[in-house]
Amino acid sequence: MPAAVQTSPVFHVRGLARVYGEGDAAVIALRGVDLDLFSGELIVLLGASGSGKSTLLNQLGGLDSPTHGTLLYRGANLAAFGEAELTLFRRDAVGFVFQAYNLIPSLTARENVALITEICRDPMAPEEALALVGLADRMDHFPAQLSGGEQQRVAIARAIAKRPEVLLCDEPTGALDVRTGITVLEAIEKINRELGTLAVIITHNAILADMANRVFTLSDGRIVSVRENARRGLARDLAW
Amino acid sequence: MSLLDTKLLRDLRALRSQAIAVALVMACGLAMMIMTRSLILSLATTRDHYYEEHRFADVFARLKRAPNSVREELAAIPGVAHVQTGIAIQVTLDVPGLAEPAVGLINSLPERGEQVLNRLHVRSGRLPAGRTTVGELAVGEAFAEAHGLRPGDSIAAVLNGAKETFRLSGIVLSPEFIFEAPPGAALPDNKTYGVFWMPYRELATAFQLYGAFNNVSLTLAPGASEPAVIAAVNRLLAPYGGRGAYGRIDHASHRRVDDEIRVLVGLSVAFPLVFLSVAAFMVNSVMSRQIALQREQIAMLKACGFANRQVGAHYFKFSLAIVAGGVLAGALGGIVLGHQLVEMYHLFFRFPQLDFQLDARVLVFATAASAGAAFAGVAGAVRRAVRLPPAEAMRPEAPANFQPSLVERLGLARWFSASLRMALRNIQRRPVRSALTCLALALATAILIVPNSFRDGIAYVIDFQWDVVQRQTVTLSLVEPGPARALSDFKHLPGVVWAEPFRFVPIELRAGPITRRLTLQGLPERGTLSRVIDGEPRQLTLPPRGIVMSAKLAEVMQIKPGDEVVARVLEGREREIAVPVVGLAEDFAGTAAYMELDALNRLLLEGDRVSGAHVVLDRGHWGEFLSAVKRTPRIAGCIIKDSLREGFRKTTAESIGLLQKIYLLFATIVAFGIIYNSARISLSERARELATLRVLGFSRGEVGAVLVGELVLLTLAALPLGLVIGSGFAKGILTAVNTETVRLPLVLTPANYAFAVLVVAVASAASALFAARKVAGIDLVGALKAID
């Protein structure tokens, strides 16, 4: 556990398992994962395709429920949450960034962000969120008029505008070239540092590990190694 | 407005052509429903209001002659509220500008005070002054309009053999003659038949009926039994030559309005419902597709904290917007068309005022029904979408499970090109969707059959009734049934080539509890002019015993050939006789019963008598013939067949024709809408696949063939099915609108089928062309990148 962070974790996970299907057709995606994630941390989950990292991210984000194990968010048992509670949890606590951006094509950048700020408790202004990711001058463009990196930054602005406690990023640079990828990672880094948001990035790009406080490597549904960086690197120094 | 609503508006704009297609189909169904239901409301409330305001009677009776004192006895019958007695008499008219003689029914106005029942509505001028002046008549509006008569004009009538000239005091309407047609006629002929009113004293004096009456109207007290009152009236009037009392249901004008309402009821349900179901199916397919395309967006919304309810509501609003568009257009269309049709009803229904009244309940019902149908259509797709865990929805749909199509497995594959094989597999991959699209295309074909079957039915009736059944030039009727030698008098009129006698007698037919009043027609056993034709159609020979009746009459009386019916003669000596039904005749206007002339005369015990003759004329002597007829006081009526045919064309044919045109327009819109929509959905589902094919080196034509191939295959399967369903619709709707006064036969012509196929083919070709253009315009790189 890093010394810099407080004692009460945002997520407390023990023996987390997720099995899809039943009997012979059962697919075990997670086989007992233990971890604690703290506020202000930047976490990288590394692993090949099918290692279970996306499943873990979905569990943390309340998109899916575990088959076994403990999954506590701020002491509350997420595994026992019903549909309505999970919806509220996602609405107020979690910001998602998807590999495919998932912007609404018929809404402008500003509107895509405002769509989410309309429904949450204490959001920042969409303009402020877009300025944070460096898109102050592209706010009225439709997704089709933005580059991939810009679209992903809109997605990040959309995720952080609600001032989430957790920012979950699923391969945020997966569809981007190096230079654009780095601007996106810088945006995530900035939010993590300035707002103290717990950021979890899943990737199969090991280079990203340098910018994390801690790096978990998953394989076959288990955490096979945990690495703690004594000093976090900066996103702009990354290269692949 | 929330941003989800902004998204909704922009998505709608992107989907506008499909949204418009669906809304139009819905609008057609709604317009039809609103139009017909509003017409029903307009006719029914106007009629009821008119009846109440002008005190339309409940029971009617004709008799030969009874002294006025009998009136008190009638009033004393338990259950009778008000009685009005008077004189009604048929006379021959000489109308300025009309070559042939016309027939007028002159009714008396009370000697003292106002009419108690069946009060007149004065349209212009005034009622005849009566006590101060003589020689005045009030004329019914339909006849006045047909001849351009105005108050102050003159008209000549033959009263009891003496020709007199009358001044028209005013133009009037009567609740008894909303439909101004001669008794027994299903069709109005306002040129040669009119209704008039004149003061009692003057009319009674002319016919030596002063102090007596031959016509009774009465109303029932609340709770009174109509059959009981009718029976009592019949008993009371029997000694005075009573011809049988009857209720409103047997009243010609009332019956005709009732039947029109029944026709509209038949049209207001089945057909619009087909349109609305098609629209619901289209909403469903558009929305399912839209939701499938927005899978990732839905997942994102859910991941970001939107509740299922909010996401569901968003897509419901989407379909609601389409429904709202459909309802708005449908209501407007229904109201505009309803106004037009109300105008048309003025042609043959005479009300003081017939205004279009919007049936607000049906508007609400129809809106709720289409919204419900649309929601039902969307609910499944929305439920599937929101049920999907967001994490799963974020990934593109798994590739569909394809198999070689059945046709290929049967070893026929080598006959098919790759494009056709892809089309076949695609159909087979989604059998339910393909079956539903095929059904929608079949419905598009089917609804085109119905309106044209109306048109063909009318054409058939016009030919059948006036070329096959009735082949005379004119029909002459005597004031009173006369001896058989009258026939030779007719034969000697100038220009007469051939004449055949007939004997008409009013009867009441009874089979079990069902009774009907109609004219029993005595005709030569195998006449050449007025013929009795069966359903084949072939001419029936009238046997020396028994009656032949309209198939429709047999149907409503629930009898079949071989059964016996009781016929009560309502003229002269009243008699009841049981006669066997020996055959069924096909006819389309009113119902009738036929008997061999001599057999009828034997039955009536009146010797060899005729009521008139059907006559064939040499047209060269037309003028001479007509003036001779006008000079013969014994001839009460002269009905020119061509005028009747023309009357039919102008009224029934015109009203059904207008409905037919509206329906055809709607059906064509719907057919185009369905086909266009199918092509659009197919295109949107396959854009990526088609782009891939293009990248792989397929030509535009080959790629287009995959898409168009599917549509063509489905259309080919749908066409025969559609023709069968359409024939069924036509049969069902014609059965629903068949009444005892007017019927249409089910006539399905190759031209009708060909038209339906042509419209569907043109719509398919246009949609295919559109799809092909879109295929040509596919952005190859973009389509491959796009998630959808």
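The values are calculated or read from the model by the stated rules, or taken from the named source; none is laboratory data. It should be emphasised that the depicted structure is a prediction, and the values quoted were computed from it without experimental measurement. For neighbour counting, all protein chains shown are included, and Cβ atoms are generated from backbone atoms with ideal geometry for every residue, glycine included.
Which condition number does B:Arg602 fail, the rest of (1) among the charged types (D, E, K, R); (2) touching a residue at least 24 places away in the same chain (Cβ under 8 Å); (3) closer than 30 Å to B:Ala567 by Cα being met?
Only one criterion is unmet by B:Arg602, namely (2).
Checking the conditions here, which among B:Ile298, B:Ile261 is within 14 Å of another protein chain (Cβ to nearest Cβ), among the β-branched types (Val, Ile, Thr), touching a helix residue (DSSP H, G or I) at 6+ places or on another chain (Cβ under 6 Å) and not in a strand (DSSP E or B)?
B:Ile298
If a residue must be in a loop (DSSP other than H, G, I, E, B) and either in contact with a Ser or Thr (Cβ under 9 Å, 6 or more places away or on another chain) or under 16 Å from A:Ser49 (Cα atoms) (or both), how many such residues does the range A:177-224 contain?
Qualifying residue count, the range A:177-224: 6.
Which ranges mark the strands (runs of 3 or more DSSP E) fully within the range B:116-218 that have 2 or more residues being in contact with a strand residue (DSSP E or B) (Cβ under 9 Å, 6 or more places away or on another chain) and free of Cβ contacts under 8 Å to residues at least 40 places away in the same chain?
Counting at least 2 such residues, we get B:162-173.
Of all residues being surrounded by fewer than 16 Cβ atoms within 10 Å (Cβ to Cβ), in contact (Cβ under 8 Å) with a residue 40 or more places away in the chain and outside any strand (DSSP E or B) in the range A:68-99, which is farthest from the other protein chains (Cβ to nearest Cβ)? Just the residue, please.
Looking at residues that are surrounded by fewer than 16 Cβ atoms within 10 Å (Cβ to Cβ), in contact (Cβ under 8 Å) with a residue 40 or more places away in the chain and outside any strand (DSSP E or B), I get A:Gly75.
Quick one: is A:Leu185 surrounded by 21 or more Cβ atoms within 10 Å (Cβ to Cβ), more than 13 Å from chain B (Cβ to nearest Cβ), farther than 25 Å from B:Arg13 by Cα and in contact with a helix residue (DSSP H, G or I) (Cβ under 7 Å, 6 or more places away or on another chain)?
Judged against the criteria, A:Leu185 is a match.
From the list A:Ser106, A:Ser54, exactly one residue is within 14 Å of chain B (Cβ to nearest Cβ), closer than 21 Å to A:Asn192 by Cβ and among the polar types (S, T, N, Q). Which is it?
A:Ser54
Rundown of residues vs (1) within 11 Å of chain A (Cβ to nearest Cβ); (2) surrounded by fewer than 22 Cβ atoms within 10 Å (Cβ to Cβ); (3) touching a Lys or Arg at 6+ places or on another chain (Cβ under 9 Å), yes/no style:
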{"residue": "B:Leu276", "(1), (2), (3)": "no, no, no"}
{"residue": "B:Ser285", "(1), (2), (3)": "no, no, yes"}
{"residue": "B:Gly312", "(1), (2), (3)": "no, yes, yes"}
{"residue": "B:Leu320", "(1), (2), (3)": "no, yes, no"}
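Counting only residues that are free of Cβ contacts under 8 Å to residues at least 40 places away in the same chain and crowded, with 19+ Cβ neighbours inside 10 Å, which one in the range A:115-137 is farthest from the other protein chains (Cβ to nearest Cβ)?
Step by step, filter the range A:115-137, then rank; the result is A:Leu135.
Looking for whichever is outside the structural domain of B:Val532 (by TED's automatic domain parsing), within 22 Å of B:Arg531 (Cα to Cα) and not small (Gly, Ala, Ser) here; the options are B:Phe504, B:Phe490. Which one fits?
B:Phe490
Determine whether B:Ala578 is out of contact with any His (no Cβ under 6 Å at 6 or more places or on another chain), under 13 Å from B:Gln521 (Cα atoms) and not in a helix (DSSP H, G or I).
No.
Give the range B:218-239 a look and list any residue that's surrounded by fewer than 18 Cβ atoms within 10 Å (Cβ to Cβ) and within 15 Å of B:Val569 (Cα to Cα), or say none.
Matches in the range B:218-239: B:Arg235, B:Ala238, B:Pro239.
Looking at the range B:1-32, which of the residues that are within 14 Å of chain A (Cβ to nearest Cβ) and over 15 Å from B:Gln290 (Cβ atoms) is surrounded by the fewest Cβ atoms within 10 Å (Cβ to Cβ)?
B:Met1
With the structure loaded, tell me whether B:Ala303 is within 14 Å of chain A (Cβ to nearest Cβ), buried (at least 23 other Cβ atoms within 10 Å of the Cβ) and touching a Phe, Trp or Tyr at 6+ places or on another chain (Cβ under 6 Å) or whether it fails that test.
yes
Look at the range B:219-256 and say how many of its residues are under 20 Å from B:Thr519 (Cα atoms), under 32 Å from the mean Cα position of the chain (by Cα) and part of a helix (DSSP H, G or I).
Looking only at that region, the number is 9.
Please work out if B:Leu553 is surrounded by 15 or more Cβ atoms within 10 Å (Cβ to Cβ), in a strand (DSSP E or B) and touching a residue at least 24 places away in the same chain (Cβ under 8 Å).
No.
Might you check whether a residue that is polar (S, T, N, Q), assigned to a helix (DSSP H, G or I) and at pLDDT 80 or above occurs anywhere in the range B:702-716?
Taking every residue of the range B:702-716 in turn, at least one turns out to be polar (S, T, N, Q), assigned to a helix (DSSP H, G or I) and at pLDDT 80 or above.
Could you list, in sequence order, all residues of the range B:472-499 that are in a loop (DSSP other than H, G, I, E, B) and surrounded by fewer than 16 Cβ atoms within 10 Å (Cβ to Cβ)?
Listed by number, the residues that qualify are B:Ala484, B:Arg485, B:His492.
Return the total of residues in the range A:207-228 being of a type in the set (S, T, N, Q), under 18 Å from A:Leu56 (Cα atoms) and surrounded by 15 or more Cβ atoms within 10 Å (Cβ to Cβ).
Going through the range A:207-228 one residue at a time, the tally reaches 2.
Quick grid of which residues meet (1) part of a loop (DSSP other than H, G, I, E, B); (2) within 19 Å of B:Leu9 (Cα to Cα); (3) at pLDDT 80 or above:
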{"position": "B:Met287", "(1), (2), (3)": "no, yes, yes"}
{"position": "B:Ile291", "(1), (2), (3)": "no, yes, yes"}
{"position": "B:Lys302", "(1), (2), (3)": "no, no, yes"}
{"position": "B:Ala313", "(1), (2), (3)": "no, yes, yes"}
{"position": "B:Val327", "(1), (2), (3)": "no, yes, yes"}
{"position": "B:Ala331", "(1), (2), (3)": "no, no, yes"}
{"position": "B:Ile335", "(1), (2), (3)": "no, no, yes"}
{"position": "B:Val342", "(1), (2), (3)": "no, no, yes"}
{"position": "B:Arg350", "(1), (2), (3)": "yes, no, yes"}
